[in-house]
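Asker: Okay, here's the structure, questions in a sec.
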Amino acid sequence: PQGARVRPRHARARSELIDPGGLNMKARPARSWLKRLGIGAALVALVIWAGYIALSHAFYHSRMPEHAGVGRILYKRVQTFGFGPGGNETGLVVFRMSASAARRLQADPDAFFQKVSESGSGRCHRFANWTETPFVPPEHRWGEASRGAQPGSPATIEEITNQFGFGIRFKSRYVRMLNKSFAEPGSYMSSGGCGRVVLMPERRAAAYVIVG
């Protein structure tokens with residue numbers, strides 16, 4: 001027809017050689033489907049990971065005393081050695097302590113711990129006999145990490161968590177925080193039904209210690 005443009009025969013042949021049978025057009029939907037599948041799988045993995053983190057944090061929060069002002073987790077390192085009755089676990093979980101709880105503890109420790117003991121329910125929340133730091137271990141010190149320690153010197157987090165030969169390394173920042181708290185007045189430690197707890201109001205921090 002008048003005005004219509006006709007593609008040269010050699011141009012059509014070249015196009016067919018570049019994309020014979022329209023394969024490129026067919027491949028695009030396949031690549032798009034694979035891309036959507038990959039994004040969906042990544043989102044599912046992210047949701048599962050977020051759920052695991054939430055459950056893990058809830059588990060360790062449940063190990064801390066009620067009404068102790070424990071907030072978000074600042075640091076966590078826990079390692080399991082074996083399973084079942086013969087297994088063991090070593091770890092350190094450090095929490096942020098609320099400013100109001102830290103002030104209440106510093107102002108009146110007796111009233112603070114009275115409320116903590118009254119509010120506790122269940123085996124993991126029974127904390128009694130809080131000891132104020134400095135914390136000096138008994139004459140017979142614990143484990144490999146105590147070798148070379150001077151008699152009467154304060155405990156260290158390495159010594160406390162390695163009483164039975166299952167010691168692990170922790171981030172140096174939190175090792176210094178715990179060891180300084182054990183050596184100075186103003187922090188408090190107690191053992192409950194599910195682990196040992198350290199409250200450090202001057203540093204607005206609390207720790208759950210798993211003895212390995």
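Asker: Full extension from residue 191 to residue 136: what is 0.36 nm times the residue separation minus their Cα-Cα distance, to one decimal in nm?
Answerer: Details: separation 55, 0.36 × 55 = 19.80 nm, distance 1.51 nm.
Using 0.36 nm per residue and subtracting the Cα-Cα distance, I get 18.3 nm.
Asker: Kindly provide log₁₀ I(q)/I(0) values, in the same order as q = 0.32, 0.33, 0.34 Å⁻¹, from the Debye equation applied to equal alpha-carbon scatterers of the range 154-194.
Answerer: Taken in order of the listed q values, log10 I(q)/I(0) reads -1.13, -1.14, -1.15.
Asker: Which cross-chain or sequence-distant (5 or more) residues have an amide H under 5 Å from the amide H of residue 186, H modelled 1.01 Å from N in plane?
Answerer: Those qualifying (amide H under 5 Å, at least 5 residues apart or on another chain) are 133.
FYI, it's all coordinate maths here, none of it is from the lab. Predicted model only: the values in this text are computed from it and were never measured.
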